[in-house]
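Nothing in this text is a laboratory measurement; each read-out follows from the coordinates by a stated rule. Since we're looking at a predicted model, the values are computed, not measured. Cβ placement follows ideal geometry from the backbone for every residue including glycine, while neighbour counts extend to all protein chains displayed.
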Amino acid sequence: MDLFDKCRKYKAARIARAKGYYPYFIPIDSGQGTQVTVKGKRLIMIGSNNYLGLVSHPKVVAAAHAALEKYGAGCTGSRFLNGTLDIHEQLETELARFMHKEAALVFSTGFQTNQGTISCLVGKSDIVITDRSDHASIVDGCRLSFGRVKKYRHNDMDDLERVLKTIGDGPGKLIITDGVFSMEGDIANLPKIVELGKKYKAGIMVDDAHSIGVLGPDGNGTAAHFGLVDQVDIIMGTFSKSLVSIGGFIAASSPVIDYIKHHSRALIFSASMPPASVAAVRVALEITKSEPQRRQRLWKNTEKMRQGFQAMGYNTGTSETPIIPVVIGEDIKTFSFWKSLYKNGIFANPVITPAVPPGQALIRTSYMATHTDQELDTVLDVFRRVGKEMEIIP
Ligand SMILES: Cc1ncc(COP(=O)(O)O)c(C=O)c1O
């Protein structure tokens, strides 16, 4: 048995490249604003998670520069040993205050945050209960834990209760949900999850990767949006979306944070966030709080696009946030739709099976506070033209 046989047999990417519709790993040769360039070609970006448009904000960039000058390029070690800087701790204090929790802990990526938190908290006698559409990092955190995993149908509260009923009083229980689902763009039914958590004595963890900067009175996430911060045990967030860098955090009570600090392998055995990223996040967080007009503009752009797509006859699924999927159907059709968008100057992301059910392949679009009306009108125009040509809309 040759372990590498599967690599030689893997042809899907090669075939797509040969046919000219391979949509992944496209090298962008500009900054990531509302427009980007690829080999000199200018494209309107509707495929990023730069919700507040802060990625190239002069204050963010200046803070990153200054930290690079002061601390150098990296930390060369884990938070546990030589990799904790004063600015890591300052960021944690600021995040705890922002999220209205006792304490916060910063990891080097959002993926590691979920993986490292869930795997160390969910022990042999515990059960973790997840939404079927939860992010891969949650799935992997569950896999790495020693506990049992049970899943409920996406945002289906009857199914969550059915699952909870099957678990007795004995095991420790943790329900984990995305706050905003990264493909569907819908919001978790957190009020009901909290009610069920209380009824069945389960802890609750919310992944706010796509909610920070987007939902809540200060952009402080899903629990704040519903007024339920006190009812959620752990809030996770990333720095790779609204906060425009790399890294992630959890916010929770002090004992929970202290336990994770001393047990999470993803934290202890991995180098800490580089100083320039920490500094960029701190400034992006400050702007998130002090410029609510960005969030207002983001939502205005979101409504314009959702209404625009729906008026044309597109299916935007259950989306209620700046993530707006446009369902096309078959995988191949979705690739050629993507190709036409690209040729017409739009950068978007195709999502095919198994990430979505067969026949439900889609173009994931997402919006920024900084998109101009003119850019958005161009996007709608291209979707109208391509959709009609391909007979996806009437
Ligand atoms: C819901 C969700 N959780 C976690 C992550 C992982 O975050 P990061 O990309 O910052 O590692 C992502 C990123 O795609 C996400 O969408």
> Once Lys and Arg get +1 and Asp and Glu get -1 on their Cβ, which of GLY20, ALA252, PRO171 lies farthest toward the positive end of the dipole of the chain?
Replying inline: GLY20
>> Suppose the Debye formula is applied to equal point scatterers at every Cα of the range 174-302; what is log10 I(q)/I(0) at q = 0.19, 0.20 Å⁻¹?
In response: -1.17, -1.25
> Can you put ILE324, ILE167, ILE212 in order, fewest other beta carbons within 10 Å first?
Replying inline: ILE167, ILE324, ILE212
> Any idea how far the Cα center of the range 32-59 sits from the one of the range 274-327, in Å?
Replying inline: 13 Å
>> As a test of the formula, what do you get for the chain when each DSSP H run with n ≥ 4 contributes -39,500 (n - 2.57) and the sum is divided by the residue count, at 222 nm and rounded to the nearest 500 deg cm²/dmol?
In response: -13000 deg cm²/dmol
>> Compute, for the range 58-290, the length of the dipole vector about the Cα centre, with Cβ point charges of +1 (Lys, Arg) and -1 (Asp, Glu) only. Units Debye, rounded to 20.
In response: 480 debye
> For the residues LYS343, LYS241, LYS333, what sequence is obtained by ranking on other C-beta atoms within 10 Å, fewest first?
Replying inline: LYS343, LYS333, LYS241
> When Lys and Arg each count +1 and Asp and Glu each count -1, what net charge do the other residues less than 14 Å away from GLY219, Cβ to Cβ, add up to?
Replying inline: +1
>> Can you tell me what share of the DSSP beta bridges in the chain is antiparallel? A percent to the nearest 5 is fine.
In response: 60 percent
> So what does the Cα-only Debye profile of the chain read at q = 0.06, 0.09, 0.13 Å⁻¹, as log10 I(q)/I(0), no solvent term?
Replying inline: -0.24, -0.56, -1.16
>> Give me CYS142, CYS75 sorted ascending by neighbouring Cβ count inside 10 Å, so fewest comes first.
In response: CYS75, CYS142
>> Please report, ordered by residue number, every helix of the chain (full DSSP H runs) that is 15 Å or longer along its axis going by C-alpha atoms and whose mean Kyte-Doolittle hydropathy reaches -1.0.
In response: 58-71, 86-99, 110-121, 275-290, 331-343, 373-389
> In the range 58-290, if every C-alpha pair distance is counted and binned at 10 Å from zero, what percent goes to each bin?
Replying inline: 8, 35, 36, 16, 4, 0
> Between Rg and the Kirkwood Rh of the range 295-394, both from Cα atoms, what is the Rg to Rh ratio?
Replying inline: 0.94
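Output the relative contact order of the chain, whole-number percent, from Cα pairs under 8 angstrom with separation of 6+ residues.
22 percent
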> Between rounded, prolate and oblate, where does the range 1-81 land on the alpha carbon gyration tensor, with a ≥ b ≥ c its root eigenvalues, rounded for a/c under 1.5, else prolate if a/b exceeds b/c?
Replying inline: oblate
> Among ALA284, HIS154, GLY197, which residue has its Cα positioned farthest towards the positive end of the charge dipole of the chain, with +1 placed on the Cβ of Lys and Arg, -1 on the Cβ of Asp and Glu, and the dipole taken about the Cα centre?
Replying inline: HIS154
>> Please state the shape class of the range 4-157: rounded when a/c is under 1.5, otherwise prolate if a/b exceeds b/c and oblate if not, all from the C-alpha gyration tensor.
In response: oblate
>> Are there any trypsin sites (Lys or Arg not before Pro) in the range 1-88 that are in a DSSP loop and have at most 16 other Cβ atoms within 10 Å? List them by number.
In response: LYS11, LYS39
>> Are there any chymotrypsin sites (Phe, Trp or Tyr not before Pro) in the range 128-184 that are in a DSSP loop and have at most 12 other Cβ atoms within 10 Å? List them by number.
In response: PHE146
